[in-house]
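One structure below.
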Amino acid sequence: MGRGVTSPRPGLRERKKARTRDALLRAALELFTTQGFEETTVDEITEAVDVSQRTFFRYFRNKEEVVFAVQDMIESHFVAALRERPRTEGPLEALRNAVLQTWDTVDDTIDTTVPMPLHMRTYQMIESTPSLLASHVRRSSEVEEQMARLVAEREGLDVDEDPRPRVAVAVFTGVMRVTGRLWGAGEDTSIESIRDLTARYLDHLGPALAGNWRTGPSRSPR
């Protein structure tokens with residue numbers, strides 16, 4: 001048997017590939033958020049990093065994949081947070097706490113890839129670009145199904161027999177879309193802003209679904 005010594009070459013190679021991918025990602029997002037998604041070409045992205053188009057397509061299939069690369073990381077982080085929530089929490093409580101935990105720790109998730117302000121500007125760009133927003137909704141449906149199955153597993157249910165997990169996730173993600181749209185149209189692009197807006201709207205989820213609104217007026221989220 002060998003002495004368990006690992007050659008450094010694969011590690012160095014992988015780190016170099018990661019640096020190239022991150023450089024392409026940062027350059028692309030800077031260009032997208034300053035001059036527009038449709039207006040930016042792959043040539044401009046590769047020129048900014050001084051690599052070839054072939055190199056770009058080695059890491060990304062197209063420009064849209066670049067736009068959603070960080071969002072995919074954050075969604076994976078959210079799903080992991082949801083999976084780790086205590087089983088004593090109800091479905092909507094677990095979803096709420098998982099998304100707020102995600103916003104609280106998002107810096108740790110993406111900081112080594114792109115600066116947080118750049119990601120937040122990208123988030124706003126998605127919300128204000130019809131083609132990207134449509135893609136975001138389409139891509140989110142896969143995550144929503146994963147969430148529904150995870151909620152069902154937590155509750156010991158068959159997601160294909162009991163509609164409640166999908167209904168709960170649909171209500172939750174509906175709130176996420178509303179808060180994302182409102183935040184994207186605002187001037188404050190901070191994490192604190194979207195976290196607070198998300199928390200306020202989620203706090204109104206129960207009252208919005210319960211009973212006759214006229215019997216107990218609730219203060220509207222602002």
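The values are calculated or read from the model by the stated rules, or taken from the named source; none is laboratory data. These figures come from a predicted structure and were not determined experimentally. Here the Cβ positions follow ideal geometry from the backbone for every residue, glycine too, while neighbour counts run over all protein chains shown. Note: areas computed on protein heavy atoms with side chains; ligands, DNA, RNA excluded. Shrake-Rupley method; radii C 1.70, N 1.55, O 1.52, S 1.80 Å.
Inter-part distance, segment 153-171 to segment 8-69, computed on C-alpha centroids, equals 38 Å.
Helix 69-84 and the longest principal axis of the C-alpha atoms of the chain enclose an angle of approximately 50°.
Does segment 64-186 come out rounded, prolate or oblate by the C-alpha gyration tensor, with a ≥ b ≥ c the root eigenvalues, rounded set by a/c under 1.5 and, if not, prolate when a/b is larger than b/c and oblate if not? Taking the square roots of the gyration eigenvalues as a ≥ b ≥ c, segment 64-186 is prolate. Apply the a/c threshold of 1.5 to the C-alpha gyration tensor of segment 116-222 and tell me whether it is rounded, prolate or oblate. Oblate, since a/c reaches 1.5 and b/c is not below a/b. The length gained on full extension between Arg138 and Lys16, counted as 0.36 nm times the residue separation minus their Cα-Cα distance, comes to 40.7 nm. According to the Kirkwood relation over distinct C-alpha pairs, the hydrodynamic radius of segment 35-87 is 13.1 Å. Normalising the average separation of contacting C-alpha pairs (under 8 angstrom, six or more residues apart) by the number of residues puts the relative contact order of the chain at 17 percent. The fraction of accessible area contributed by carbon and sulfur in the chain is 52 percent, rounded to a whole number (1.4 Å probe; ligands and nucleic acids excluded). Heavy atoms of the protein chains alone define the surface here; on that basis the chain has 59 Å² accessible area per residue at 1.4 Å probe size.
Against the main long axis of the alpha-carbon atoms of the chain, helix 91-110 sits at an angle near 20°. Model label sites at Glu64 and Asp111, defined 7 Å from Cα along the beta-carbon direction, differ in position by 3.3 nm. Dividing the summed -39500 (n - 2.57) terms of all DSSP H runs of n ≥ 4 by the residue count of the chain sets its mean residue ellipticity at 222 nm at -24000 deg cm²/dmol.
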